[in-house]
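Chemist: Pasting a structure below so you can have a look.
The values are calculated or read from the model by the stated rules, or taken from the named source; none is laboratory data. Because the structure is a prediction, the values reported are computed rather than measured. When we count neighbours, we look across all protein chains shown, and the Cβ atoms used for this are built from the backbone with ideal geometry, even at glycine.
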Amino acid sequence: MVLRIALVSIKPGVGKTTSGLFICQSLHELGLSPLLVDADKGQSALEWMEDAEGLDYPVIGQHITTLHRSLPDLEGDRGAVVIDVPQLEDHESIARGALLYADVWVYPIAPAGIEVRRTMRKLKTKVKGIKDERERFGLSRDPMVEVVLLNRTNRPYATKTGPDADVREALTDAELDMTVLNSQVMFHDDLYRQCYGLPIETEDTTYPDVTKEIISMWEAAQ
């Protein structure tokens, strides 16, 4: 079974492309032979691959609305396909195809107090319609895994106090009722923003732990 991951957000600038690249590198290091699909018109992941003169896995551009039809034919012998999905608020038709295809939905989000509630309310409203459409396609309404990845945080793992803990509590309370990965990505410009266009190095990052946690949840859901 191919691990199919969609990285989804309601708006840009949450570290979605960076997460896709680092998760793919972690999957490669685990021997899963990933494919990264850049479905964003900006093609940041493709440009990163070109500037780095190649990565350890292929990156392809698929800025189309029919990802649910095209991607199964591109899987080949890949163990995983990761989609960098364009933001839902501007490209819902493309995101729709990605979420019809993917079994694992990952929502990268940067903790920002009350903005988290507003953002996740909008996102949940958008994906509710896509879940309804999954049923019409004969798919399970919910994906196998639907999880939030906290990005640009103060600590690399879940804490009991502080702003990261406050955001985690807001996401998991009765109103939003989201599942949040225990591993999270700490703010670190040198490791992420300033490494644009360079080969991906997962050492000193928590992306290997993020990736293993996603795989564990996916395997448990099968």
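Chemist: Considering only the range 35-46, state which residues are acidic (Asp, Glu) and at pLDDT 95 or above.
Modeler: ASP38
Chemist: Restricting to the range 103-143, name every residue that is farther than 28 Å from PRO163 by Cα, touching a helix residue (DSSP H, G or I) at 6+ places or on another chain (Cβ under 9 Å) and not in a helix (DSSP H, G or I).
Modeler: Residues satisfying the conditions are ASP103, PHE137, LEU139, SER140, ARG141, ASP142, PRO143.
Chemist: Looking only at residues that are among the hydrophobic types (A, V, I, L, M, F, W, C) and surrounded by fewer than 24 Cβ atoms within 10 Å (Cβ to Cβ) in the range 28-44, which one is nearest to LEU67 (Cα to Cα)?
Modeler: Residue satisfying both the conditions and the ranking: LEU35.
Chemist: Give the residue that is surrounded by the most Cβ atoms within 10 Å (Cβ to Cβ), with candidates limited to residues of the range 192-222 that are at pLDDT below 90 and not in a helix (DSSP H, G or I).
Modeler: Among residues in the range 192-222 that are at pLDDT below 90 and not in a helix (DSSP H, G or I), the one surrounded by the most Cβ atoms within 10 Å (Cβ to Cβ) is TYR192.
Chemist: Would you kindly identify the strands (runs of 3 or more DSSP E) lying entirely within the range 1-82 that contain at least 1 residues that are over 16 Å from the mean Cα position of the chain (by Cα)?
Modeler: 59-61
Chemist: Still on this structure: Go through the range 1-27 residue by residue and tally those that are out of contact with any helix residue (DSSP H, G or I) (no Cβ under 8 Å at 6 or more places or on another chain), within 24 Å of ASP189 (Cβ to Cβ) and surrounded by fewer than 23 Cβ atoms within 10 Å (Cβ to Cβ).
Modeler: 4
Chemist: What number of residues in the range 148-163 are touching a strand residue (DSSP E or B) at 6+ places or on another chain (Cβ under 6 Å) and at pLDDT 85 or above?
Modeler: Total satisfying the criteria: 4.
Chemist: Then there is this: If a residue must be free of Cβ contacts under 8 Å to residues at least 40 places away in the same chain, over 15 Å from LEU3 (Cα atoms) and surrounded by 14 or more Cβ atoms within 10 Å (Cβ to Cβ), how many such residues does the range 71-96 contain?
Modeler: Qualifying residue count, the range 71-96: 2.
Chemist: Which residue is farthest from ALA110 (Cα to Cα), if the candidates are limited to the range 169-191 and must be in contact with a Pro (Cβ under 8 Å, 6 or more places away or on another chain) and not in a loop (DSSP other than H, G, I, E, B)?
Modeler: SER183
Chemist: Another question about this same structure. Collect the residues in the range 139-179 that are among the aliphatic types (A, V, I, L, M) and closer than 18 Å to VAL14 by Cβ, keeping them in residue-number order.
Modeler: The answer is VAL147, VAL148, LEU149, LEU150, VAL167, ALA170, LEU171, LEU176, MET178.
Chemist: Just wondering, is there one or more residues in the range 172-191 that are at pLDDT below 90, buried (at least 20 other Cβ atoms within 10 Å of the Cβ), out of contact with any Cys (no Cβ under 6 Å at 6 or more places or on another chain) and not charged (D, E, K, R)?
Modeler: no
Chemist: Test THR65 against the stated conditions and say whether it is of a type in the set (S, T, N, Q) and free of Cβ contacts under 8 Å to residues at least 60 places away in the same chain.
Modeler: So THR65 fits the description; yes.
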